[in-house]
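A.B. asks: Sharing a structure below in structure tokens format, with a few things to ask.
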Amino acid sequence: MNLLLDASWGARFWEAFIGELKNVFGGIYTGSVNIGDEIREAILQWKGYLSIGGNRIPITDAIIISWIAAFFGILIFSTLGRKREIHPKGGQALMESLIGLLFGVCKDYGLNEEQAEKVVPMVGSMGIFLISCNLIAVFHLPPPAKNIAFPFAMAIFAIVYVIVMSIRFVGLKGFGRSFVDPKGFMVPFKIIDFIIKPISLALRLFGNVFGAFILMEFVGMVLPVLLPGVLSLWFDLMDGILQAVVFCYLTISYIGEVVESSHAVEERKHEQMKLKAEKETAAKAEEAKSAA
């Protein structure tokens, strides 16, 4: 009797399962479900208003999701680095490895130990925030970066931070010197470069996250059973982490470029002064020899 009941239950389960698949796939392939409309609805930003003191402040899904992501990101990463032991393991080992990686990138781009100590906390915080915002898509929530305003806001913040830290490390004169490296005619190109850099940062982040979001929405509609979970391991998980790492890496490299250019100009100036002094000394020695 139990076997018959089990067999009957299994048959009903598979009948219902296959019926649901037919509804999903049938709606797509017969045209009753419009994939374009479904994706368009997923792309559109939710927008509401927050009333404070009689003023209506616009608020979008990107703002809400970024707050949620930031909260859980801080919670998770602070928990990972909470225990401090002489011999790190687990979460502490992971956090120290990430910090060591950032220090290594700073040194690769010409920053000394003291400068790296000032850069790593902020760049690391930006990385944690971006990773949290990108990985929120794993829970089928729209990542904030699919709203073009979010990556541009992050890019503008990053380039302002690059300028501020560069001036702090090499001074205002040193920052100005970096624009004439290697020659003075590079000034307009260096100015254009500082305009292009935030645009490049923003479009790279937006393009990758938005493209992954659209692809996952499409796959979830066409093949909703197994493939979305497999693809999510890359497009939602690994690609989200990768884009945050690239963003941080480029931010550090921009600071390093200014510092190295400033030092290069200063070194060439010292070399020219040294060469000039040597020539003057040689000329005086020649004059003294001629007079004798």
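Just so it is clear, none of the values below were taken in a lab; they were calculated from the coordinates. Just so you know, these numbers come straight off a predicted model, no measurement behind them. Ideal geometry is used to build each Cβ from the backbone, glycine not excepted, and the neighbour counts take in all protein chains shown.
A.B. asks: At a Cα cut-off below 27 Å, give the lysines reachable from K173, other chains included and same-chain residues fewer than 8 away excluded.
C.D. replies: Reachable lysines: K107, K118, K183, K190, K197, K269, K274, K276.
A.B. asks: What order, most packed first, do the peptides 256-268, 51-63 have when packing is the mean number of other Cβ atoms within 10 Å of each residue?
C.D. replies: Most protected by this proxy first, the peptides run 256-268, 51-63.
A.B. asks: Is the C-alpha gyration tensor of the stretch 43-291 telling us rounded, prolate or oblate? Criteria: a/c under 1.5 is rounded; beyond that, a/b larger than b/c is prolate, otherwise oblate.
C.D. replies: In terms of gyration-tensor shape, prolate.
A.B. asks: Which shape class, rounded, prolate or oblate, goes with the stretch 88-158 when its Cα gyration tensor gives a ≥ b ≥ c as root eigenvalues, a/c under 1.5 marks rounded, and past that a/b bigger than b/c marks prolate?
C.D. replies: It is oblate, given that a/c is not under 1.5 and a/b is not larger than b/c.
A.B. asks: Mind running the shape call on the stretch 160-203? Use the C-alpha gyration tensor, a ≥ b ≥ c as the square roots of the eigenvalues: rounded below 1.5 for a/c, prolate if a/b tops b/c, oblate otherwise.
C.D. replies: Note, shape of the stretch 160-203 comes out oblate.
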